[in-house]
1. Tell me, yes or no, whether the stretch 47-58 has at least one residue that is surrounded by 20 or more Cβ atoms within 10 Å (Cβ to Cβ), at pLDDT 95 or above, more than 27 Å from Thr151 (Cβ to Cβ) and not charged (D, E, K, R).
2. In the stretch 189-215, which residues are surrounded by 15 or more Cβ atoms within 10 Å (Cβ to Cβ) and assigned to a helix (DSSP H, G or I)?
3. Kindly provide the set of residues from the stretch 38-66 that are assigned to a strand (DSSP E or B) and in contact with a Gly (Cβ under 8 Å, 6 or more places away or on another chain), ordered by number.
4. With at pLDDT below 90 and surrounded by fewer than 12 Cβ atoms within 10 Å (Cβ to Cβ) as the only criterion, which of Leu224, Leu256, Leu186, Leu235 stands out?
5. Looking only at the stretch 74-92, which residues are more than 20 Å from Ile261 (Cα to Cα) and either among the aliphatic types (A, V, I, L, M) or not in a strand (DSSP E or B) (or both)?
6. Look at the stretch 71-85 and say how many of its residues are surrounded by 15 or more Cβ atoms within 10 Å (Cβ to Cβ) and touching a strand residue (DSSP E or B) at 6+ places or on another chain (Cβ under 8 Å).
7. Take the residues in the stretch 73-121 that are among the acidic types (Asp, Glu) and modelled with pLDDT under 85; name whichever of them is nearest to Ile264 (Cα to Cα).
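The values are calculated or read from the model by the stated rules, or taken from the named source; none is laboratory data. Since this is a predicted model, take the numbers as computed values, not measurements. Quick reminder, even Gly has a Cβ in these numbers, built from the backbone with ideal geometry, and neighbours come from all protein chains shown.
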Amino acid sequence: KFTNQVNNISELQAVKSYLQALGKDSLSASELNIRVLPIINPEVICLGLKLASALEMKINKTILFDRKIYNYFDLPKGYQITQQELPFANSGFLPIIKESGVERIPIKTLQLEEDTAKSAYSKEGIKLDFNRAGNPLIELVTEPVFHHVETVLVFIKQLQCLLRYLEVSEAKMEKGQLRVDLNFSLQLGNKYSTPRYEIKNLNSLANIEKALKHEVNKHQLLFLQGQEPPISQTLGFDEAQQITIAHREKTNYYYLPEVNIPPIKLKVGEINKIKKSLPKLP
């Protein structure tokens, strides 16, 4: 019995409360691992297959996970479950319609990962909401092909339409169902070249446009004043002040294999079944 393995009184009380919540007196050996190690939600695999197929991506038949090691308060366990070495899918594209015609935006990777806590910044400090932490996410990474904010906005609108059409997500940015992390660098003249910056968790098309324009204006002023650009940073957008705010210096992350989730093999028949179930794309 599980309760017989606990010697510490406080631990025993915690175990008894846990068993009481389950309506049980004890747990068998086969139940000891329940709610301890991470378990993949099969629905996210199906949705990932739908989206990857619609984007004509190469789907990897083995799903592997990694630990992204970082020390930040939105994920107190010190790492995020993600995919680094072998993404769920790679090398696809999303066609967008512009005034100049149709342009294919290359999609570098589609990867599955867990969400982190929601951070709310204010003058009083930082408030954290952990209700979404651990929920599965589908992350798309594009190639660095955008040169104008208008193209970014058209791409996001087209992606929203696709996600809704496929019923992968309602993609409501105001509800956090679709979030944008914007990586950018700027070149002004021959001497002013910035490192890469990232604006995290942009939650509306308007904020994307405002954040980018604010950064352009900020760096144009630094350029005219003869100053050097700031070091590579992770930024946030303050809606109240309509400005970007530096959160932390960008650093290289360390990755380790996620040993608590074994490799998941996808069968060709399962992949083809998902592809055949897709509606005719607009």
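1. Checked against the condition, which is being surrounded by 20 or more Cβ atoms within 10 Å (Cβ to Cβ), at pLDDT 95 or above, more than 27 Å from Thr151 (Cβ to Cβ) and not charged (D, E, K, R), the stretch 47-58 yields at least one hit.
2. Leu205, Asn207, Ile208, Glu209, Lys210, Ala211, Leu212, His214, Glu215
3. First, the residues of the stretch 38-66 that are assigned to a strand (DSSP E or B): 58-59, 62-63, 66.
If the condition is that a residue be assigned to a strand (DSSP E or B) and in contact with a Gly (Cβ under 8 Å, 6 or more places away or on another chain), then Lys58 is the only one that fits.
4. Only one candidate qualifies: Leu224.
5. Asp74
6. Of the residues in the stretch 71-85, 7 are surrounded by 15 or more Cβ atoms within 10 Å (Cβ to Cβ) and touching a strand residue (DSSP E or B) at 6+ places or on another chain (Cβ under 8 Å).
7. If we filter the stretch 73-121 for residues that are among the acidic types (Asp, Glu), which is where we start, we get 74, 85, 99, 103, 113-115.
Of the ones still in play, those that are also modelled with pLDDT under 85 are 74, 99.
Numbers: Asp74: 28, Glu99: 43 Å.
Top of the filtered list is Asp74.
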